[in-house]
Amino acid sequence: MEKSLKFLAKLKKNNDRDWFNANKKEYEAAREEFTGLVEKLIAGVAACDPDVIGTAPKDCLFRIYRDVRFSADKSPYKTAFGAYIAPGGRKSMNPGYYIHIEPKASFVAGGMHRPEAKDLLAVRNVIAADPKALEKIEKSAAFRKYFDKIDSHEKLKTAPKGFEKDHPAIDYLKLKGYTVSHEFKKDSEVKDPKFAVNAVRVFKAMNPLIEFLRSAAGK
């Protein structure tokens with residue numbers, strides 16, 4: 001991923017349209033490299049998650065152009081490459097796998113991020129009916145090798161409506177999403193020829209969570 005990291009580092013220092021247009025060929029080469037990585041990741045994930053078979057890399061890749069309409073930061077471009085691997089690609093609401101490539105800040109993640117209210121309720125209902133389900137996934141040796149815990153960017157301060165405050169799975173029920181992430185902070189890890197293989201190992205470790213969430217949400 002040397003081309004991608006090199007281009008993104010330059011873009012971070014020159015985030016304007018004139019520079020980007022003058023270096024369009026370098027961007028396209030980096031984008032092609034990243035697309036190749038996503039293709040490998042899809043193939044690797046498919047071994048444990050057949051639902052992603054047939055998913056095209058182009059449907060997983062996020063655009064590099066930022067939506068600046070409601071942002072104080074008017075920089076036109078993202079300084080990272082990202083892709084969401086799931087049945088239906090990035091536009092789907094299906095639980096899936098995320099890859100983020102950024103100089104000294106790369107990571108992989110997955111789960112259910114900011115789900116629709118009906119999907120979140122469906123998952124909460126399944127958790128409430130079987131309080132040990134997520135805990136079993138979270139405490140497995142395969143999971144603990146790469147992740148600390150199942151979390152979300154936001155959580156409620158008290159029990160969600162319709163659920164008991166002293167429910168044994170209350171910590172899970174308060175979450176507004178169910179995600180995990182694993183960092184690759186060193187660029188050398190991302191440049192490693194085995195990076196795709198290593199990233200797939202992390203995705204496979206999160207697969208039980210993905211399967212649980214899809215089943216619970218009826219996806």
- From the backbone phi of the stretch 161-177, what are the Karplus-calculated ³J(HN,Hα) couplings (6.51 cos²θ - 1.76 cosθ + 1.60, θ = phi - 60°) in whole Hz, Gly and Pro given as x? 4, x, 10, 6, 5, 9, 4, x, 10, 4, 5, 6, 5, 6, 5, 9, x
- Query: Under a 5 Å amide H to amide H cut-off, with H placed in plane at 1.01 Å, what residues pair with PHE62 once short-range neighbours are removed?
  - Reply: GLY82, ALA83, TYR84
- In the calculated pair distance distribution of the stretch 1-72, what percentage of Cα-Cα distances lie above 19 Å? 47 percent
- Task: Could you tell me which of the pairs LYS91/LYS219; LYS12/LYS104; LYS24/LYS194; LYS6/LYS186; LYS91/LYS186 are separated by over 20 angstrom between their Cα atoms in the structure shown?
- Result: LYS24/LYS194; LYS91/LYS186
- Item | Dmax and Rg, reported as Rg then Dmax, of the chain (C-alpha, Å) | 18.6, 60
- Can you tell me the order of 177-187, 100-110 when each peptide is scored by its average per-residue count of other Cβ atoms within 10 angstrom, highest first? 100-110, 177-187
- Note on the structure: Non-local residues with an amide H under 5 Å from the amide H of TYR98, with H modelled 1.01 Å from N and Pro and chain starts lacking one, are ILE85, ALA109, GLY110
- Just need the relative contact order of the chain here, percent rounded to a whole number, with Cα pairs under 8 Å and 6+ apart. 22 percent
- Farthest toward the dipole's positive end in the stretch 90-219, which of ALA142, TYR97, ALA169, given Cβ charges of +1 (Lys, Arg) and -1 (Asp, Glu) about the Cα centre? TYR97
- Query: How much net charge surrounds LYS6 when only the other residues with a Cβ under 14 Å from the Cβ of LYS6 are counted, with Lys and Arg +1 and Asp and Glu -1?
  - Reply: +1
- Item | Estimated vicinal HN-Hα couplings, Hz - the stretch 45-62 in sequence order (Karplus 6.51, -1.76, 1.60; Gly, Pro = x) | 5, 4, 5, 10, 9, x, 5, 8, 4, x, 6, 8, x, 4, 7, 9, 6, 8
- Query: Just MET206, MET112, MET93 to compare: in a GNM of the chain, with alpha carbon springs under 10 Å, which one fluctuates most?
  - Reply: MET93
- Rounded to the nearest Å, the spacing of the alpha-carbon centers of the stretch 134-162 and the stretch 5-49 is 31 Å
- By how many degrees, between 0 and 90 and to the nearest 10, does the Cα long axis of helix 195-217 differ from the longest principal axis of the chain? 40 degrees
- Which peptide among 69-81, 8-20 comes first, and what is the full order, when sorted by highest mean count of other Cβ atoms within 10 Å? 8-20, 69-81
- Note on the structure: Restricting to Cα pairs under 8 Å and 6 or more apart, the percent relative contact order of the stretch 50-170 works out to 15 percent
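FYI, it's all coordinate maths here, none of it is from the lab. Because the structure is predicted, anything quoted here is derived from the model rather than measured. Neighbour counts are summed over all protein chains in view; Cβ atoms, including those assigned to glycine, are modelled from backbone coordinates with ideal geometry.
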